[in-house]
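One structure is given below, encoded as C-alpha cells.
FYI, it's all coordinate maths here, none of it is from the lab. Keep in mind that this is a model prediction, so the values were computed, not measured. With ideal geometry, Cβ positions are generated from the backbone for all residues, glycine too; neighbour counts draw on all protein chains shown.
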Amino acid sequence: MKTVFFCPKCSYVGAAEDAEVHICPKCGGALYHTGMDRDAYNTKT
Ligand SMILES: [Zn+2]
C-alpha cells in the first residue's frame with residue numbers, strides 16, 4: 001500500500017510504497033512518514 005511521505009526540508013509531499021527507500025526526490029533529504037495513505041491524507045488536508 002502506498003503511504004504519504006513528507007520532506008521537512010523542502011515541504012515535498014509524495015506517496016511511496018512502505019518497502020521503498022524514502023529519500024526526497026527534490027532535495028535528497030530523508031522523508032518523514034506521515035502514517036496516512038493517500039486517501040486519508042487528501043481527506044485531512
Ligand atoms: Zn526535500
Roughly what would the spin-label model give for Cys10 and Asp37, points 7 Å off Cα along C-beta, in nm? 2.9 nm
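Which order, highest average first, do 3-12, 21-30 follow once you tally other Cβ atoms within 10 Å for each residue and take the mean per peptide?
Numbers: 3-12: 15.8, 21-30: 13.2.
Ranked by mean Cβ neighbours within 10 Å, highest first: 3-12, 21-30.
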Stokes-Einstein diffusion coefficient for the range 2-44 at 20 °C in a medium of 1.002 mPa s, Rh from the Kirkwood formula over Cα pairs: what value in µm²/s? 209 µm²/s
So how strong a dipole does the range 2-44 carry about its Cα centre when Lys and Arg Cβ are +1 and Asp and Glu Cβ are -1, to the nearest 20 debye? 240 debye
